Amino acid sequence: MTAVTPAGRAPSGADEQAAFAVFRARRGRTVAYAFAVATLVIFGVIAVLLPGPDQGGTWRTGDKFFFAAVGVAIAMLLWRFASIRATPTRESLTVRNLFTTRTVSWQEIVDVRFSGGDPWVTIALSDTDTLAVMAIQKADSGFARAEAGRLAALVQALGPSATSPDVTLD
């Protein structure tokens, strides 16, 4: 694995750039962007085509704007889902999930889990809390396993002990 040198130290040079690359979901991100665009188009077209009082319908201008606004709100939620990521640095890991963003130092991470029916990686923290890393999703299969391994290697190299943390990969 390129994320950690044989001596267990953090990498340097080109390997360091690869090791500290941002974690992002692939499949979920693509699907979310596609549905966001489709939502905007569909809700926009429907809002324009709704029959108003002058066309024999009951939809007023405010109703049409509200309908379009609902489409924009759904698209914004999908955009937020597409923008989930985990950004590693030498000091910490910043995890941006759907509704929250949290930064944890490598010293706080005691376990990396990606097994069973878990839809994404979770990390156990020294304060007994757990944090989902939605940027590494099971839907990405082999890519997700490689990314989980890269995260585990970063925790091993920069985490609380020189020995391996508890790493539970599928």
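The values are calculated or read from the model by the stated rules, or taken from the named source; none is laboratory data. Quick caveat: nothing in here was measured; it's all calculated off a predicted structure. Every residue, glycine among them, receives a Cβ derived from its backbone with ideal geometry; neighbour counts consider all protein chains shown. With ligands, DNA and RNA removed, areas are computed over all heavy atoms of the protein, side chains included. Shrake-Rupley method; radii C 1.70, N 1.55, O 1.52, S 1.80 Å.
Of all residues in the stretch 46-56, exactly one satisfies the criterion of being open to solvent by 70 Å² or more (accessible area, probe 1.4 Å) and not in a helix (DSSP H, G or I), namely GLY56. For the stretch 132-159, filtering for residues that are open to solvent by 20 Å² or more (accessible area, probe 1.4 Å) and either under 17 Å from GLU91 (Cβ atoms) or assigned to a helix (DSSP H, G or I) (or both) leaves 12. The condition of being surrounded by 13 or more Cβ atoms within 10 Å (Cβ to Cβ), modelled with pLDDT of 95 or more and closer than 30 Å to ALA146 by Cα holds for only one of ALA19, ALA25, ALA36, that being ALA36.
Applying the selection to the stretch 57-81, what residues are among the aliphatic types (A, V, I, L, M) and crowded, with 19+ Cβ neighbours inside 10 Å? Once the filter is applied, which keeps residues that are among the aliphatic types (A, V, I, L, M) and crowded, with 19+ Cβ neighbours inside 10 Å, the stretch 57-81 yields ALA75, LEU78. Take the residues of the stretch 103-131 that are closer than 20 Å to ALA19 by Cα and of a type in the set (D, E, K, R): which is least open to solvent (accessible area, probe 1.4 Å)? Per the stated criteria, the residue is ASP111.
Can you confirm whether PHE43 is touching a strand residue (DSSP E or B) at 6+ places or on another chain (Cβ under 8 Å), modelled with pLDDT of 95 or more and either open to solvent by less than 60 Å² (accessible area, probe 1.4 Å) or closer than 28 Å to GLY142 by Cβ (or both)?
Values: touching a strand residue (DSSP E or B) at 6+ places or on another chain (Cβ under 8 Å): no; modelled with pLDDT of 95 or more: yes; either open to solvent by less than 60 Å² (accessible area, probe 1.4 Å) or closer than 28 Å to GLY142 by Cβ (or both): yes.
It is false that PHE43 is touching a strand residue (DSSP E or B) at 6+ places or on another chain (Cβ under 8 Å), modelled with pLDDT of 95 or more and either open to solvent by less than 60 Å² (accessible area, probe 1.4 Å) or closer than 28 Å to GLY142 by Cβ (or both).
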